[in-house]
Amino acid sequence: MRAISDFGFRISDFRTPRRLSLAVCLVFLLAAHSFAQNLDNLAGQIDNGSSEQKRSALFELRNRQTAEASRAALPALRDADEAVRATAAFAVIYLPPAEAFAALAPNLADPSELVRRETAYALGRVADRNAVGQLIETYRKDKSTEVKNACVQALGAIGDASALDFLIQILQQKPRSADDFGRRSAARAIGRIAQLAQIGKSAAVTPESFLPEKYKLDTLEKYRDLTAESPAFQQAAPVLIDVLQSPKESADTRREAAFALGALGAAAAAPVLQTNAASTDYYLAEICREALKKISSAANPE
């Protein structure tokens, strides 16, 4: 009978449950040993390899999506090569959130714009609320538009309401074409924070889809009017309404403002959303229809 592994085991060896259990345990032990050896090899590559070898090792560690693999990537955050440091940011995100934040936060002050940007994005993935203050501080001090935008997007990904005042301040500034992406990101971040408070998830697609309403799972969730519960959410609603109504805002920013108003469940936004539900911008129109459904849900709790 043909062997089923390199060790020459045969099916006939596993006729009893006990023997089969022993064989399974042996396979797992061998796999674990191989995994540990491979981690050691990757760690050695990070310590002694070329920049390309280090980055290749970091990609493999990231793809494992385990705390153990992320821990092996930690030394690369302090590598001499900025490309290695930038790659390492996403390789360590599977550590416990507090540990990942402590490892990543110093790189928000890295000399390299690339490293600072990737670090901000990575902190968004980690979603430790302790990062909110440092992301806001980095936004205010950093001269790079790309780093600033990454900080704003990270705040939305974290989803903590303590960032709302700061995000509102961004939208209260006069719109300029140079700031379009940052303003869009701020409006979207407010929407993600509100959505997390509503349905427990900050990830969002705007519009959710162009499918019939019965297939829009996020839209059909039960919403409440957050503006009646929190001063920060209450302050956000009129600012977002102004953004949605302003012809000086980019189309993307207006769309994200409409999404955010729906995520807030803001009853005061219903008239302007109703008007824009007939927009020739069919993305905006669909987002407004979804927002109105959420507001209707908030106005009619079961």
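Rule-based calculations on the coordinates, nothing more; no lab input. Since the model is a prediction, treat every value here as computed from it, not as a measurement. Note that we place each Cβ from the backbone using ideal geometry, even for glycine, and neighbour counts take in every protein chain shown.
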Whole percent per 10 Å bin, from 0 to the bin with the longest distance: what is P(r) over all C-alpha pairs of the stretch 59-146? 20, 54, 24, 2
Treating the Cα atoms of the stretch 133-241 as identical point scatterers in vacuum, please give the log10 of the normalised Debye intensity I(q)/I(0) at q = 0.13, 0.21 Å⁻¹, two decimals. -0.51, -1.16
How big is the stretch 77-196 along each principal axis, measuring the range of its Cα positions in Å and listing the largest first? 40, 29, 17
Range of Cα positions in the stretch 157-302 per principal axis (Å), largest first: 42, 35, 25
How are the alpha carbon pair distances in the stretch 51-92 distributed across 5 Å bins from zero to the largest one, expressed in percent? 6, 33, 38, 18, 5, 0
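When Lys and Arg each count +1 and Asp and Glu each count -1, what net charge do the other residues less than 13 Å away from GLU99, Cβ to Cβ, add up to?
Numbers: positive: ARG71; negative: GLU68, ASP128.
After counting each charged neighbour, the total is -1.
Mind pulling the per residue volume of the convex hull built on the Cα atoms of the stretch 114-167? Å³ is fine.
60
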Highest average packing first - 84-91, 155-162, Cβ atoms within 10 Å: 84-91, 155-162
For the chain, radius of gyration divided by Kirkwood radius, i.e. Rg to Rh on alpha-carbons: 1.13
Considering the dipole of the chain built from charges on the beta carbon (Lys and Arg +1, Asp and Glu -1) around the Cα centre, which of ALA80, GLN65, TYR139 is farthest to its positive end? GLN65
With +1 assigned to the C-beta of every Lys and Arg and -1 to the C-beta of every Asp and Glu, and no other charges, what is the dipole magnitude of the stretch 150-256 about the Cα centre in debye, to the nearest 20? 180
